[in-house]
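Colleague: One structure, as structure tokens, below. Some questions next.
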Amino acid sequence: MLRSIANKPHWFLLLLIPVILLLVLTKTGSTVDVQLHDTYLVIAPLHLGLFLSSFICGLSGCYWLVRKKKLINWITVTHVIATGIGFFIITVLALTPEVQSSLSGVNYFSSDYYQTILVALSLVILIGLFSQVMFVANFTIGVIRSKSKQ
């Protein structure tokens, strides 16, 4: 399984797009509310899903462009898994508070609950950003390796 991720990472990233879009399309009437210090962002779930899907499509295209280059396998696998799981968690966390509020009776506007969601979301975003730095490093190393062999 890991070998196939290392050999064709673009396919695994493309498989994530319908999952994210299906999750987002189930919440068409709600909004994603994120508070960053004194700024309050209100995002439609469809826009969040389209942005994440576009980003994944771009990453998949980059992997497709360098499919003949020699990339470092463990970095490729780590990036694809971290990006896939991270974007899935971001989508679920962004849509979860409303679901948990109606199902479990937890007050969505509870400060502790909201802060827990924001901390989890922030950690996932930081891990995602780190995996994107790994992607750029792997991409650069693959291109340099192929130029030095020519």
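Colleague: Sort out which residues of region 26-58 are touching a helix residue (DSSP H, G or I) at 6+ places or on another chain (Cβ under 7 Å) and either modelled with pLDDT of 80 or more or closer than 25 Å to residue 142 by Cα (or both), and write them in order of number.
Modeller: Selection gives 45, 46, 48, 49, 52, 53, 56, 57.
Colleague: On to the next question. Would you check if residue 86 is in contact with a Gly (Cβ under 8 Å, 6 or more places away or on another chain), surrounded by 19 or more Cβ atoms within 10 Å (Cβ to Cβ) and without any contact (Cβ under 8 Å) to a residue 60 or more places away in the chain? Before the answer, list the steps.
Modeller: Details: in contact with a Gly (Cβ under 8 Å, 6 or more places away or on another chain): yes; surrounded by 19 or more Cβ atoms within 10 Å (Cβ to Cβ): yes; without any contact (Cβ under 8 Å) to a residue 60 or more places away in the chain: yes.
Yes, satisfied.
Colleague: Among the residues of region 131-144, count how many are in contact (Cβ under 8 Å) with a residue 24 or more places away in the chain and exposed (fewer than 14 other Cβ atoms within 10 Å of the Cβ).
Modeller: Filtering region 131-144 down to residues in contact (Cβ under 8 Å) with a residue 24 or more places away in the chain leaves 131-132, 134-135, 137-139, 141-143.
Still in the list and also exposed (fewer than 14 other Cβ atoms within 10 Å of the Cβ): 137.
Residues meeting the conditions: 1.
Colleague: Return the pairs, sorted by first residue and then second, in which the second residue is among the hydrophobic types (A, V, I, L, M, F, W, C) and surrounded by 13 or more Cβ atoms within 10 Å (Cβ to Cβ), the first residue lies in region 63-79 and is without any contact (Cβ under 8 Å) to a residue 40 or more places away in the chain, the beta carbons are less than 6 Å apart, and the residues are 6+ apart or on different chains.
Modeller: none
Colleague: Tell me yes or no: at least one residue of region 59-82 is among the aliphatic types (A, V, I, L, M) and either in contact with a His (Cβ under 7 Å, 6 or more places away or on another chain) or at pLDDT below 80 (or both). Give the derivation first.
Modeller: Step one: filter region 59-82 for residues among the aliphatic types (A, V, I, L, M), giving 59, 65-66, 71-72, 75, 77, 80-82.
If we keep only those that are either in contact with a His (Cβ under 7 Å, 6 or more places away or on another chain) or at pLDDT below 80 (or both) too, we end up with none.
Among the residues of region 59-82, not one is among the aliphatic types (A, V, I, L, M) and either in contact with a His (Cβ under 7 Å, 6 or more places away or on another chain) or at pLDDT below 80 (or both), which makes the answer no.
The values are calculated or read from the model by the stated rules, or taken from the named source; none is laboratory data. Remember, it's a predicted structure, so these values are computed and weren't measured experimentally. FYI the Cβ positions are ideal-geometry reconstructions off the backbone, even for glycines, and counts take in every protein chain you see.
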